[in-house]
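Below is one structure, written out as structure tokens, with a few remarks after it.
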Amino acid sequence: MAITATKPARLVLLDARTLKPARPGWSRTLAAWSPNNPAALSPLGSRVAVVVGGDSGQSLLIVDTATGRVLRRVRDVHAEELYWLRGEGVSRRSPALVVSAVLACASGGVPGGVCGDEVDVAWTNDPRRYPGGSTDTFDNFAVDQALRTRVVLTSDNPDGIVLGPHERGDSAIDPYIDLAGMPDDARFQVVADVLADRVFVVTTAGQIARISRASSAKPVVDYRSAELNGRPFEAAWAGAGRIAVWGEDGLGTIDTRTWTTHAIAGGITGAIATRYGIAAWTGGPDGLSVYRPDGSRRLHLLEGTHVTVARATGVYLYVDTTLETRYAIDLRTGKSVGPLETRAQIIEPSFVTIP
């Protein structure tokens, strides 16, 4: 699924390999759409949620990706970000939870008030479990990651996270998880292991908070440490018990079973974790490499191109370059197609389960 920035913009079904209009396929005009309007794909890709409209009034469209039919239109939705959690929303056995986030301010009982992300249930096919209504606005907290049923909000400090929204009857649950064992004012990254319902808060100094059963009524917090050197980094769950980290020192992993670090490749400036390995690129024309979680390289593609960003949807990785070209890579086989003609905005799922 993608959105073309034509006038008017259109929601289109594309062939995953070529990013050309699918045959048979469909497209739908999105009235009053802007690039700031968010969208999210359901976990299995059978539905897509798209926000349309401007500041004076937004609506949420739930669209069947096979036919293009609008299944639901929800008015008066205010969203800067959109997350599709839980299931496809095709039945009560597969409940969907579409969550919106927007920066909001409230009095908070303090001078000047508090500002942070307000999280709302924008749409669900099970309103008895998720009645809607915003969470509290926590000072300086913003959505950082998505789990299967919750979003994770963080602030500037690693001393606590917030999880929301909760189901009906969960009002007694404190959404704030205190991480008292973490150092104040440390730089950190949050990593979500969606399949195991775990969250890791990893500081540049190597202090790590692990929150197990994160979405339950009683999350469990413990602390570990790994050998990191204090420099800034990015991080993501890589599967096989490992966290991928990349930054000034290149690409490496933290093994969460032994809490040891392992170097993989130097010069890496960007990476994305997928079910088929860690895709990584450098600041030069070195193409793209895909590494297994154990550090061995399984693919080296597009040599001579300078990669700027990559997005993963299903089995495909879509790679953009400094020449404003785009390639589609089948992560199962390593075959690439491109340069592709389209610059359409590809809609991604909110979370990916990596075993």
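Read the figures in this text as sums done on the coordinates, not as results from a lab. As the structure is a prediction and not an experimental result, all values here were calculated from the model. Positions of Cβ are generated from backbone atoms using ideal geometry, with glycine treated the same way; all protein chains shown enter the neighbour counts.
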Rounded to the nearest 0.05, what FRET efficiency is calculated for Ser34 and Thr67 with R0 set to 35 Å and r the Cβ-Cβ distance? 0.85
The stretch 226-355 - charge dipole about Cα centre, Lys and Arg +1 at Cβ, Asp and Glu -1, debye rounded to 20: 400
With an 8 Å cut-off on Cα pairs and a minimum separation of 6 or more residues, tell me the relative contact order of the chain in percent. 11
Sort 309-315, 236-242 by packing, meaning the average of other beta carbons within 10 Å per residue, with the highest value first. 236-242, 309-315
Relative contact order %, the stretch 1-139, counting alpha carbon pairs below 8 Å whose residues are six or more apart: 14
Taking a spot 7 Å from the Cα of Thr258 along the direction of its beta carbon, which residues of the stretch 265-292 have an amide N less than 19 Å from it? 265, 292
